[in-house]
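Data block below; observations after.
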Amino acid sequence: VAEGVWRMRCRTSVAGLLAPGQFVNVEVPGDGSHILRLPLSFSVADAASQTLELVYAVVGEGTARLAAMRAGDVSTLVGPCGRGWQLPEAAGRALLVAGGVGLPPIMACARMLVRASIGFDVIVGAQTAARHVEGLLEELRRMPPAEGCDCQRKVIVCTDDGSLGVRGLTTTAMADLVADRPYTQVYTCGPGPMMAGVARLADKRGMACQASLERMMGCGFGACSCCNVELAGGGYALCCQDGPVFDAKEVAW
């Protein structure tokens, strides 16, 4: 669906159990020596059709094997895993900031906000135009507005090289946007440095911020302790159980 980015639709009863922002741990097919499952966030979990949509980047041998699967192939997964997005505690508009393949859980968040009749704007960044998943961008634009909201949704696209949308960082676009529109809640997922910048901007503006972190989650349920997240108040949390979604103020960026 984009350069190095693939979409998988699979049928699983777990689709009816997942909350936005949670993840599943997928068995890599075709290689018994690959004992670790792959933690993947989802963009769509449809309980009625028991369909799960996963959008992911091919970055190694495991994800390459997933991308080689065809209709009718079978694997297994563990889920639902982790703690997902929470609805805003305060009334007002939300801002969603995604970088790279941080977009799928942001898509799930956007659907959650639509169902709750909460208005939102979106900033999506990628390295180049070829790395943007155009189908997901268009879906964000087509999502119905919140009831009673007269504020037209903005979907701002950023690229590092300026080949699509605004040239520059998502944090620069965010700084411009928050100076123009009021928000009470920020949701972000993407590269760590980007989310750290988003968290700083949100804190400076007095906006609540939730961040979906990425770690090597070997087991997905807290047994291996590979996915430690350093906390601002000291100590560590487990990304797979206490996250992947955290209050941004809790994280030692």
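The listed residues 140, 169, once ranked by accessible area (1.4 Å probe) with the largest placed first, stand as 169, 140. From the Cα gyration tensor of region 156-218, with a ≥ b ≥ c the square roots of its eigenvalues, which class applies: rounded if a/c is under 1.5, or else prolate if a/b is larger than b/c, or else oblate? Oblate is the answer for region 156-218, as a/c is 1.5 or above yet b/c matches or exceeds a/b. Per-residue ellipticity at 222 nm computed for the chain from its helices equals -6000 deg cm²/dmol, with DSSP H segments shorter than 4 residues left out and the rest contributing -39,500 (n - 2.57). The share of accessible area on region 1-91 that comes from carbon and sulfur is 52 percent, using a 1.4 angstrom probe. Within the accessible area of region 124-205, the carbon and sulfur atoms contribute 51%, probe 1.4 Å, all protein chains present.
A simple spin-label model places pseudo-atoms 7 Å from Cα toward Cβ; at residue 117 and residue 13 they are separated by 3.5 nm.
Peptides 127-139, 92-104, 60-72 ranked from most to least packed give 92-104, 127-139, 60-72, packing being the mean of other C-beta atoms within 10 angstrom over each peptide's residues.
The relative contact order of the chain comes to 19 percent, based on Cα pairs under 8 Å that sit 6 or more residues apart. Computed from phi, the 3J(HN,Hα) profile of region 65-76 under the Karplus parametrisation 6.51, -1.76, 1.60 (θ = phi - 60°) reads 5, 4, 5, 7, 5, 10, 3, x, 5, 10, 9, 10 Hz, with x in place of Gly and Pro.
Would you mind estimating how fast region 128-233 diffuses translationally, via Stokes-Einstein at 20 °C and 1.002 mPa s with the Kirkwood radius over Cα pairs, in µm²/s? In µm²/s, the coefficient is 132. Here's how it looks for residue 214: its modeled amide H is under 5 Å from none belonging to a residue 5 or more places away or on a different chain. Across 35, 123, 156, the residue with the most accessible area heads the list, and the full order at a 1.4 Å probe is 35, 156, 123.
For residue 87, the shell of other residues with beta-carbons less than 15 Å away shows a net charge of +2, using +1 for Lys and Arg and -1 for Asp and Glu.
The residues of the chain expose on average 47 square angstrom of accessible surface per residue, using a 1.4 Å probe on protein heavy atoms.
Taken one residue at a time, the phi angles of region 129-137 give Karplus couplings (6.51, -1.76, 1.60, θ = phi - 60°) of 4, 5, 8, 7, 8, 4, x, 6, 4 Hz. Gly and Pro are set to x. Backbone N atoms of region 213-231 closer than 19 Å to the 7 Å Cα→Cβ label point of residue 35 belong to residues 216-227.
Heavy-atom accessible area with a 1.4 Å probe sorts 249, 154, 204, largest first, into 204, 249, 154. Note on region 144-187 and region 188-253: Cα centroid distance 22 Å, given to the nearest whole angstrom. Using alpha carbons only, the radius of gyration of the chain set against its Kirkwood radius gives Rg/Rh = 0.95. Using the Karplus relation 6.51 cos²θ - 1.76 cosθ + 1.60 with θ = phi - 60°, the per-residue 3J(HN,Hα) values for region 80-96 come to x, 10, x, 10, x, 5, 10, 5, x, 7, 10, 5, x, 7, 10, 10, 10 Hz, with x marking Gly and Pro.
Taken about its Cα centre, the chain carries a charge dipole of roughly 240 debye when the Cβ of each Lys and Arg holds +1 and the Cβ of each Asp and Glu holds -1.
The values are calculated or read from the model by the stated rules, or taken from the named source; none is laboratory data. Computed from a predicted structure; not experimentally measured. No Cβ is skipped: glycine too gets one built from the backbone with ideal geometry, and neighbour counts run over all protein chains shown. Only protein heavy atoms, including side chains, enter the accessible area calculation; ligands, DNA and RNA are left aside. Shrake-Rupley method; radii C 1.70, N 1.55, O 1.52, S 1.80 Å.
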